[in-house]
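Chemist: Pasting a structure below so you can have a look.
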Amino acid sequence: MSTSRVPLGTFVHARSGDKGGNANIGLWVRQDPTGSEDPERRSARIDWLLGFVTTERVRELLPETAQLPVEVHPLANLGGVNVIVEGLLGDGVAASTRFDPQAKALGEWIRSRLVDVPDELLDPTPS
């Protein structure tokens, strides 16, 4: 199976935020707004995302989580996963020294990370 190294955000959306000292990241497979996407391809993208996003993978993509508890909750019916990183923000927003103390940019940070994606899941490159 051939793969290409592309940003995770190539077909994955994200939303992130905080709850106390914990960061919360939702990742889900982009849906074609025209409704013309092949349902089998969308299903294959969802399966890939659910298998790809593991605790270990989150720690690889977000090195600042290496020593923190990370939970990954698959949400297959929604086409995504929910990731909780405990303690990333220390005692919470008011006490955090992070550049992004509310973890609002964490979703975009993980979307920017380069990952190997099977070529059949990617949109064809226009010639």
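Chemist: What is the pair-distance distribution P(r) of segment 3-121, computed from all Cα-Cα distances in 5 Å bins starting at 0, with each bin given as a whole percent?
Modeler: In order of increasing distance, the bins hold 2, 12, 22, 23, 18, 11, 7, 4, 1, 0 percent.
Chemist: Which residue fluctuates most in the GNM of the chain (Cα springs below 10 Å): Pro33, Pro63, Pro74?
Modeler: Pro33
Chemist: Still on this model: Report, in degrees rounded to the nearest 10, the 0 to 90 angle that the Cα long axis of helix 39-52 makes with the longest principal axis of the chain.
Modeler: Computed tilt is about 40 degrees.
Chemist: When the helices in the chain are scored as -39500 (n - 2.57) per DSSP H run of 4 or longer and the sum is shared across all residues, what 222 nm value do you end up with, to the nearest 500 deg cm²/dmol?
Modeler: Using -39500 (n - 2.57) per qualifying helix, the result is -6500 deg cm²/dmol.
Chemist: Arranged by the count of other C-beta atoms within 10 angstrom, fewest first, what order do Asp119, Asp38, Asp18 take?
Modeler: Ranking Asp119, Asp38, Asp18 by Cβ neighbours within 10 Å, fewest first, gives Asp38, Asp119, Asp18.
Chemist: What distance in nm separates the simple spin-label points at Arg30 and Leu114, each placed 7 Å from Cα in the Cβ direction?
Modeler: 1.9 nm
Bear in mind that the values in this text are calculations on the coordinates, not laboratory data. Nothing here was measured: the structure is a model prediction, and the numbers come from that model. Cβ: placed from backbone, ideal geometry, glycine included. Neighbour counts: every protein chain shown.
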